[in-house]
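K.L.:
Handing you this structure, nothing more for now.
The values are calculated or read from the model by the stated rules, or taken from the named source; none is laboratory data. Since the structure is predicted, the reported quantities are computational estimates derived from the model, not experimental observations. Every residue, glycine among them, receives a Cβ derived from its backbone with ideal geometry; neighbour counts consider all protein chains shown. Side chains included, ligands, DNA and RNA excluded: accessible areas come from the protein's heavy atoms. Shrake-Rupley method; radii C 1.70, N 1.55, O 1.52, S 1.80 Å.
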Amino acid sequence: MIQSSIQKGHCKLNMDKNEFYDPIRGFDYAVLNDPEFKEDAVREEIITPILKALGYAVSGPNRIIRSRKLLHPFVSIGSARKEIFIIPDYLMEVSNKNAWIMEAKAPTEEIVKSVHVEQAYSYAIHNEIRVNYFVLCNGKSIALYDVKEVMPIFDFKIQFLYQYWNDIKARLEPNNVFK
């Protein structure tokens, strides 16, 4: 097998040219410019196939949990405690243990250096979640973050998903996510 490396920002990627895989092969990228293609479409057309290709499902040991309601731990108005809930789009569990979260955004939204990173980070560090990784996807790009770092581990255009697939699997597949 022929190995090659690509340097993008601070992330070195190792790719086996014989093992490129694209879980959204055949997707029409032009639709990302359609104002009717919004966050819900990103969830259905891009994120769901990626999660399934990684080995997650709605049941079984490697679960996708959608919209888990989390009580925000620090909200009071005066001396009155108010229950405020935050809701991550996706929480992945491996053998009943929280593994990582993913947030969907519309193609018009930024997923690097934006309030959306702060939002996803708040879910990842929440006392009911506490995971090391969070991912944002707006259909045009995907970014993987470690909660201990400010900059993403990688951030790439979704058209290049096939080039990054082995690196995504190495971090987010159920067998790898806790390594």
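K.L.:
Put a dot 7 Å past each Cα toward the Cβ at residue 127 and residue 66; how far apart are the dots in nm?
P.N.:
3.0
K.L.:
Please list the non-local residues whose amide H lies under 5 Å from the amide H of residue 103, H modeled 1.01 Å from N, same-chain partners needing a gap of 5 or more.
P.N.:
Counting only residues 5 or more places away or on other chains, the set is 135, 136, 137.
K.L.:
For the chain, what is the relative contact order in percent, using Cα pairs closer than 8 Å and at least 6 residues apart in sequence? Show your work: numbers first, answer last.
P.N.:
Numbers: 309 pairs, mean separation 37.0, N = 179.
Over the chain, the number comes to 21 percent.
K.L.:
Additional query: In the chain, what percent of the accessible surface is made up of carbon and sulfur (1.4 Å probe, ligands and nucleic acids excluded)?
P.N.:
50
K.L.:
What angle do you read, to the nearest 10 degrees and between 0 and 90, between the alpha-carbon axis of helix 161-172 and the longest principal axis of the chain?
P.N.:
Approximately 50 degrees, to the nearest ten.
K.L.:
Starting from the 7 Å offset along Cα-to-Cβ, what nm value, one decimal, do you get for the label separation of residue 175 and residue 119?
P.N.:
The modelled label-to-label distance comes out at 3.5 nm.
K.L.:
Beyond 31 Å between alpha-carbons counts as too far, so tell me which of 38/179; 38/169; 82/169; 113/169; 82/179; 82/140 fall in that bin.
P.N.:
38/179; 82/169; 82/179; 82/140
K.L.:
I would also like to ask the following. Full extension from residue 80 to residue 162: what is 0.36 nm times the residue separation minus their Cα-Cα distance, to one decimal in nm?
P.N.:
24.4 nm
K.L.:
Shifting gears a bit: Would you kindly state the longest site-free stretch of the chain, with sites defined as GluC sites (Glu not before Pro) in a DSSP loop (not H, G, I, E, B) surrounded by at most 11 other Cβ atoms within 10 Å? Walk me through the intermediate numbers first.
P.N.:
Numbers: sites that count: 36, 83, 149.
With GluC sites (Glu not before Pro) excluded where exposed in loops, the chain gives 84-148 as its longest stretch.
K.L.:
Determine the gain in length on full extension of the stretch residue 110-residue 20; use 0.36 nm per residue of separation and subtract their C-alpha separation, reporting nm with one decimal.
P.N.:
Numbers: separation 90, 0.36 × 90 = 32.40 nm, distance 2.69 nm.
Extending this stretch completely gives an extra 29.7 nm.
K.L.:
How far is helix 115-124 tilted, in degrees, relative to the longest principal axis of the Cα atoms in the chain, given as a value from 0 to 90 rounded to the nearest 10?
P.N.:
Tilt relative to the chain: about 80 degrees.
K.L.:
Run lengths n ≥ 4 of DSSP H only: what is the helix-derived mean residue ellipticity at 222 nm for the chain, with -39500 (n - 2.57) per run over all residues, to the nearest 500?
P.N.:
Calculated from helices alone, the mean residue ellipticity at 222 nm is -5000 deg cm²/dmol.
K.L.:
While we're on this one: How far apart, in nm, are two points set 7 Å out from the Cα along the Cα-to-Cβ line at residue 28 and at residue 59?
P.N.:
In this crude label model, residue 28 to residue 59 measures out at 3.4 nm.
K.L.:
Convert 37 °C to kelvin, take the viscosity as 0.692 mPa s, use the Kirkwood radius over C-alpha pairs of the chain as Rh, and evaluate the Stokes-Einstein diffusion coefficient in µm²/s, rounded to a whole number.
P.N.:
192
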